[in-house]
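The values are calculated or read from the model by the stated rules, or taken from the named source; none is laboratory data. Since we're looking at a predicted model, the values are computed, not measured. Neighbour counts are summed over all protein chains in view; Cβ atoms, including those assigned to glycine, are modelled from backbone coordinates with ideal geometry. Note: areas computed on protein heavy atoms with side chains; ligands, DNA, RNA excluded. Shrake-Rupley method; radii C 1.70, N 1.55, O 1.52, S 1.80 Å.
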Amino acid sequence: LFPLAVRGSEGLYMVNGPPSFTESVAFQRDSGKNCKAVAFSKDGSLFGWCNGEKVNVVNVTRAELLHSFDLPKTVCFDFSPKNNVLATWQAYATAKDGTAGVPNLQLHDLRTGKCLKSFVQKKMQNWCPCWAEDESICARNVNNEVHFFENNNFNTIANKLHLQKVSDFVLSPGVQPTKVAVYVPGSKGAPSFVRLYQYPNFGGPQSALANKSFFKADKVTMLWNKKATAVLVVASTEVDKSGASYYGEQTLHYLAASGESAVVQLPKNGPIYDVAWSPNSVEFCAVYGFMPAKATVFNLKCDPVFDFGTGPRNAAYYSPHGHILVLAGFGNLRGQMEVWDVKNYKLISKPVASDSTYFAWCPDGEHIVTATCAPRLRVGNGYKIWHYTGSVLHSHEVPADQEMWQVSWQPFLDGVFPERAVRYQAVPGEPPRAEPGPAQAYRPPALRHRPAPSSRLHEDEPPQNMKPQLGGSDKPVSKIALKNQRKHEAKKAAKQEAKADAHQGPAQVRTPQNVLQNTVPAMTTGDPEVDKKIKNLKKKLKAIEQLKEQAAAGKQLEKNQVEKIQKEAALLKELEDLELGV
């Protein structure tokens, strides 16, 4: 069983995971309505919550209360990786006479319950100290310096990393040697930069493992891969000075611990919504571009491996084993999910989780939870547990007068659950509930008996494998080779069409438009400009067909409309030349 902690106005309780989905009797429900924060330890063995009076810590498997700390104003807390230290943070407040407030960040020894050290930490952002996985190092940002402590001895600063103004840092995951990624924002015309160091070698720029500088960065997000060999940096500005995007501007940079760095070239303009490393550490997925957004998997050379085309999406989630990828559109999108087998790049399912504000993989790599939580949405709160094949196994809605604030799976260490073969057949689940369909656009009574016009603003691009395929070589296909390939395919289709006409006999006569549609297969040329011209020509020919129908129905055409019809042959010839690549 994989318990799910649920926090809301009904209190705090745990639900057993698949297959039972019943409330856990091992954890005693806390019915207080003031539960501010909950957290599991990294290995899932400990669970803590703050109920507005105390911070309680229990052993999950034994359901035993280990500690109860008298810290009623705690807003957030977290466990160190090996469960030796509990860090708690309370809002900083100065005294009424203006004197400095008391230290509000406290570190407690979870074996004895004693307070190891207290610090002043005014901002809630990045409040929690960062530990290496073995707890040999702990670091925190203090006045634009990174202070390092060793072996949880917080009375002595073992090392300092001092640059001009360190704004943020991230420690690498995994075992020693620990690496540090630091971000220094630009000032007075100088660029911002991210540097990678190996602890404790901080002796100036020459000691850095890698360095990447860039302009246009008000803030950055730094993401280490699991093997700590590379970092992805999403640099973003608050305002897009060109006015093209409401979200500001984003760029994606790559830094390897070996010293290589690059800008990841994204084929479509627009915001970068999400970037996620695959757990295999050799690929990453980016979701980017104006809606409908593109999603692409890149390798460590920053070359595209697979393009998922375009669609309504703004998030990417790899399963814990990395064999399945979910692309989803939450927030201001309808909640459509695409579940992909990333080894074979096959679509498994396309479930829809409407109004979801939260998504998380279960540690077993088989199940998913989606939730609608307050304060993001205050109506329709609840959660659903899915199998990745698209089946809803369990759903729970809180009463209309109540709110749900948070759900969280109990974590497990890597390797506890083996990777299973990917399934494509949907597993049995709850019978689907009747959900109201999307509201239809208003149509005047006079048009309601006619077929609805197509209202698509964009043609979605299909998924495509970006690995070089031609002749089995690793070199990219040249434009000339593509052109010749298109000509060959077009000639082959024309021959097949001629054979079909010969079998049917001369009795059937077709219009030139129909002949052209059957001669040339529907395909893109690979050149966006040519594709655009072809699209415009087809639009004009369609308009001419409509005019001819109107004339046949007896409608008197204008002079310019008659001239349009006279241009049909020339437009057909131009379209044929473009599609054959002449």
Considering each of Phe193, Phe202, Phe169 in turn, give the residue that is of a type outside the set (Val, Ile, Thr), surrounded by 19 or more Cβ atoms within 10 Å (Cβ to Cβ) and part of a loop (DSSP other than H, G, I, E, B). Phe202
From the list Lys82, Lys33, Lys96, Lys73, which one is open to solvent by 60 Å² or more (accessible area, probe 1.4 Å) and in contact (Cβ under 8 Å) with a residue 40 or more places away in the chain? Lys82
Being surrounded by fewer than 18 Cβ atoms within 10 Å (Cβ to Cβ), in contact (Cβ under 8 Å) with a residue 40 or more places away in the chain and touching a strand residue (DSSP E or B) at 6+ places or on another chain (Cβ under 6 Å) is the filter; apply it to the range 248-260 and report the residue that is nearest to Phe290 (Cα to Cα). Ala256
Look at Ser354 and say whether it is surrounded by fewer than 17 Cβ atoms within 10 Å (Cβ to Cβ), hydroxyl-bearing (Ser, Thr, Tyr) and in a loop (DSSP other than H, G, I, E, B). yes
Hey, among the residues in the range 565-582 that are more than 48 Å from the chain's Cα centre (by Cα) and open to solvent by 70 Å² or more (accessible area, probe 1.4 Å), which one's farthest from Lys491 (Cα to Cα)? Gln566
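Here's the yes/no breakdown for (1) assigned to a loop (DSSP other than H, G, I, E, B); (2) under 21 Å from Leu4 (Cβ atoms); (3) touching a residue at least 24 places away in the same chain (Cβ under 8 Å); (4) not basic (Lys, Arg):
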residue	(1), (2), (3), (4)
Thr310	no, no, yes, yes
Pro320	yes, yes, yes, yes
Pro363	yes, yes, yes, yes
Ile368	no, yes, yes, yes
Per the filter on the range 527-540, residues surrounded by 12 or more Cβ atoms within 10 Å (Cβ to Cβ) and either of a type in the set (Ser, Thr, Tyr) or more than 15 Å from Asp577 (Cα to Cα) (or both) are Lys540
Subset of the range 141-178, residues under 25 Å from Thr251 (Cα atoms) and within 25 Å of the chain's Cα centre (by Cα), comes to Ser167, Asp168, Phe169, Val170, Leu171, Ser172, Pro173
Val180: passes all of (1) open to solvent by 30 Å² or more (accessible area, probe 1.4 Å); (2) touching a strand residue (DSSP E or B) at 6+ places or on another chain (Cβ under 9 Å); (3) in contact (Cβ under 8 Å) with a residue 12 or more places away in the chain; (4) of a type in the set (A, V, I, L, M, F, W, C) but (1)
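Results for (1) touching a strand residue (DSSP E or B) at 6+ places or on another chain (Cβ under 7 Å); (2) in a strand (DSSP E or B); (3) crowded, with 20+ Cβ neighbours inside 10 Å, shown as yes or no for each residue.
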{"site": "Ala286", "(1), (2), (3)": "yes, yes, yes"}
{"site": "Lys294", "(1), (2), (3)": "yes, yes, yes"}
{"site": "Cys302", "(1), (2), (3)": "yes, no, no"}
{"site": "Arg334", "(1), (2), (3)": "yes, no, no"}
{"site": "Lys343", "(1), (2), (3)": "no, no, no"}
{"site": "Ala360", "(1), (2), (3)": "yes, yes, no"}
When you go through Phe47, Phe2 one by one, which is the residue that is open to solvent by less than 30 Å² (accessible area, probe 1.4 Å) and within 25 Å of Gly113 (Cα to Cα)? Phe47
Of the residues Ala139, Ala87, which single one is open to solvent by less than 30 Å² (accessible area, probe 1.4 Å), touching a Pro at 6+ places or on another chain (Cβ under 7 Å) and closer than 16 Å to Thr74 by Cα? Ala87
Can you name every residue in the range 24-70 that is part of a strand (DSSP E or B) and more than 31 Å from the chain's Cα centre (by Cα)? Asp30, Val55, Asn56, Val57, Val58, Asn59, Glu64, Leu65, Leu66, His67, Ser68, Phe69
Single residue of Glu53, Glu133, Glu64 found to be farther than 16 Å from Leu12 by Cβ, touching a Pro at 6+ places or on another chain (Cβ under 7 Å), open to solvent by 70 Å² or more (accessible area, probe 1.4 Å) and acidic (Asp, Glu): Glu133
